[in-house]
Amino acid sequence: MDLPYYPLNDFDPMIKGMVIGGLGILHVFLAQFAIGGGMLMCYFQWLDQTRRSSHARRFLDGYFRALVLISFVLGALTGVAMWFTTIQISPRTIGTMVDEFHWIWATEWTFFCLEVVAGYTFYRYGKQLSDRARFTLLILYTVAAWFSLFWINGILSWQLTPGQWIETKNVWSGFFNPSFWPSLIFRTIVSLTIASLVACIVINTMHDLDRPAMTKLQNQAARLLAPMALMPLLGLWYLGVIPSDSRTWVTGGSAAMTMFMTLAVAASLLIGLYAMIGLIRQKLFINGATATLLCALAFGATAGGEFVREGVRKPYTIRERLYSNSIAKEEVVHLREVGSVTHDPYPLKNAEDYPTDQLRLGAKVFRFQCSVCHTIDGVNGLTHLAGTWTLDQRRLNIAKLQHTKSFMPPFAGTPEELEALVQMITWVVEGRPKAWNVANEEKTLIEIRQWLDQVGPD
């Protein structure tokens, strides 16, 4: 069994997941605004053509048009940055996604190209075109943007709920997986929500309009907030189709995921109540500060939701296929016999800083099995998590890792590698002394092997 190894970049003191997560939240927010912005522009173009709003065209041809352009340009740039960052952090995961869904990725890129061409054409020539041509361009942009979401959503939701794909390996079984539809509908509603809230900010910049005219524009934009009423049902639907252990993480099993889930729900609830009562029912005017605050809440809800979406996959990046450290389930037993880094060809960074070969081995094991979610002594550092444990506790807890913390993958290495990792953690806890004794007692290694056998590979 040949295990692929990749050169992995180090982002200390941040964890790699934090880097890709922060970039991902920004990308998702911008991309969803670009999608919802297209829908809102179609609606306002229709209002103008049917003479239902005397200021719709001015709104459409002003800042909002520029903001949508900026959003899909920045969305594209952050999307490329996501690819660039992912191949430095989890190349095997992204490689598997491309391998399984290459034609779907190609289809999504085709729709994205159409989105860019249609959006830029409207931005550059929209004012010179007839109403029919404008409306056609906006519909083309919106359809292309939404279908870009459609294709990406299928691949991302497959990571958590691959469904029948596990048995059939059929691409469409994986794509139309159990969480596909609730996730797609939910993201569509979020896109409309973000666009409507940004529209309320833009309307506040139209200073030559009187208050009643701005209020009417805001109330028209707020109609796209009405689908938020479906969010609680979609949330329950989503929770109902994800694996039971993933559902446990957000309902109290993991403090961090429960907290971020609560943040997302609370922010969405505040926005929804304000929209339904203040904007849709009472038709109130909201000033720029309030509209900006609502947008900030929407960003917070996006951040919380994306954190949860990523977190509930643990201990996998692709459920039942790859663990979070990109080791496949079927490889664990093999690596416990031959070693996880025995054939790792990449040299250790600053190898001379480690006084013994055993510590260098421990550092390579950490890099391969742990570094995607942990640092040594930075954010989510192993010395913080295991620093107060005794030596035997470190050995036992790491040997039985998937039972110690059920959202962790099993340790996939030899007893010698586990002991090397324990010694490396201990060496850092002790302040990285220049001299360090090698510890490879036969009794200890036998005991570690027994613990690994007891816990099994799953």
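The values are calculated or read from the model by the stated rules, or taken from the named source; none is laboratory data. In this text, all values refer to a predicted model and were calculated from it rather than measured experimentally. Note: ideal-geometry Cβ built from the backbone for every residue, glycine included; neighbour counts use all protein chains shown.
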Original post:
How many of the residues making up the range 384-394 are within 32 Å of the chain's Cα centre (by Cα) and part of a helix (DSSP H, G or I)?
Top reply: 4
Subject >> Count - residues of the range 22-67 that are within 17 Å of TYR120 (Cα to Cα), buried (at least 19 other Cβ atoms within 10 Å of the Cβ) and either among the aromatic types (Phe, Trp, Tyr) or outside the structural domain of LEU129 (by TED's automatic domain parsing) (or both) >> reply: 2
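One line per residue, one yes/no per condition, for (1) within 22 Å of the chain's Cα centre (by Cα); (2) at pLDDT 90 or above; (3) hydrophobic (A, V, I, L, M, F, W, C):
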| residue | (1), (2), (3) |
| --- | --- |
| TYR5 | no, no, no |
| PHE29 | yes, yes, yes |
| CYS42 | no, yes, yes |
| LEU60 | no, no, yes |
Subject >> From ILE70, ILE89, residue being surrounded by fewer than 17 Cβ atoms within 10 Å (Cβ to Cβ) and either in the same structural domain as ASP208 (by TED's automatic domain parsing) or not β-branched (Val, Ile, Thr) (or both) >> reply: ILE70
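Yes or no, residue by residue, for (1) assigned to a helix (DSSP H, G or I); (2) touching a residue at least 60 places away in the same chain (Cβ under 8 Å):
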{"residue": "ASN325", "(1), (2)": "no, yes"}
{"residue": "VAL333", "(1), (2)": "yes, yes"}
{"residue": "GLU337", "(1), (2)": "yes, yes"}
{"residue": "SER340", "(1), (2)": "no, yes"}
{"residue": "HIS343", "(1), (2)": "no, yes"}
{"residue": "TYR346", "(1), (2)": "no, yes"}
{"residue": "PRO355", "(1), (2)": "no, yes"}
{"residue": "LEU359", "(1), (2)": "yes, yes"}
{"residue": "LYS364", "(1), (2)": "yes, no"}
Original post:
Does TRP105 fit the bill of being out of contact with any Cys (no Cβ under 6 Å at 6 or more places or on another chain) and in contact (Cβ under 8 Å) with a residue 24 or more places away in the chain?
Top reply: yes
**OP:** Only residues that are in a helix (DSSP H, G or I), of a type outside the set (Val, Ile, Thr), surrounded by fewer than 22 Cβ atoms within 10 Å (Cβ to Cβ) and more than 17 Å from the chain's Cα centre (by Cα): list them for the range 166-186, please.
**Re:** GLU167, TRP172, SER173, PHE175, TRP181
Original post:
Tell me, which helices (runs of 4 or more DSSP H) wholly within the range 202-265 include 2 or more residues that are under 30 Å from THR404 (Cβ atoms) and hydroxyl-bearing (Ser, Thr, Tyr)?
Top reply: 244-248
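Output the residues belonging to the range 238-266 that are within 20 Å of PHE299 (Cα to Cα) and aromatic (Phe, Trp, Tyr).
Within the range 238-266, just PHE260 meets the criteria.
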**OP:** Could you check, for the range 65-82, whether at least one of its residues is at pLDDT 85 or above and either in contact with a strand residue (DSSP E or B) (Cβ under 8 Å, 6 or more places away or on another chain) or within 23 Å of TYR323 (Cβ to Cβ) (or both)?
**Re:** yes
Original post:
Do you know which of the residues in the range 415-444 that are assigned to a helix (DSSP H, G or I) and more than 39 Å from the chain's Cα centre (by Cα) is surrounded by the most Cβ atoms within 10 Å (Cβ to Cβ)?
Top reply: THR444
Original post:
Given the residues THR375, THR342, which is the only one that is touching an Asp or Glu at 6+ places or on another chain (Cβ under 8 Å) and either surrounded by fewer than 16 Cβ atoms within 10 Å (Cβ to Cβ) or at pLDDT below 90 (or both)?
Top reply: THR375
Subject >> In the range 273-290, the residues that are surrounded by 15 or more Cβ atoms within 10 Å (Cβ to Cβ) and of a type in the set (S, T, N, Q) >> reply: THR290
Original post:
Name the pairs whose Cβ atoms lie under 6 Å apart, with the first residue in the range 278-294 and closer than 13 Å to VAL202 by Cβ, the second among the small types (Gly, Ala, Ser) and surrounded by 12 or more Cβ atoms within 10 Å (Cβ to Cβ), and 6 or more positions between them or separate chains?
Top reply: none
**OP:** With the checklist (1) buried (at least 20 other Cβ atoms within 10 Å of the Cβ); (2) at pLDDT 90 or above; (3) within 16 Å of the chain's Cα centre (by Cα); (4) of a type outside the set (Lys, Arg) in hand, flag the one item MET257 doesn't pass.
**Re:** (2)
Original post:
Hey, does the range 372-383 have a residue that's part of a helix (DSSP H, G or I) and either in contact with a Leu (Cβ under 9 Å, 6 or more places away or on another chain) or farther than 20 Å from ALA439 by Cβ (or both)?
Top reply: yes
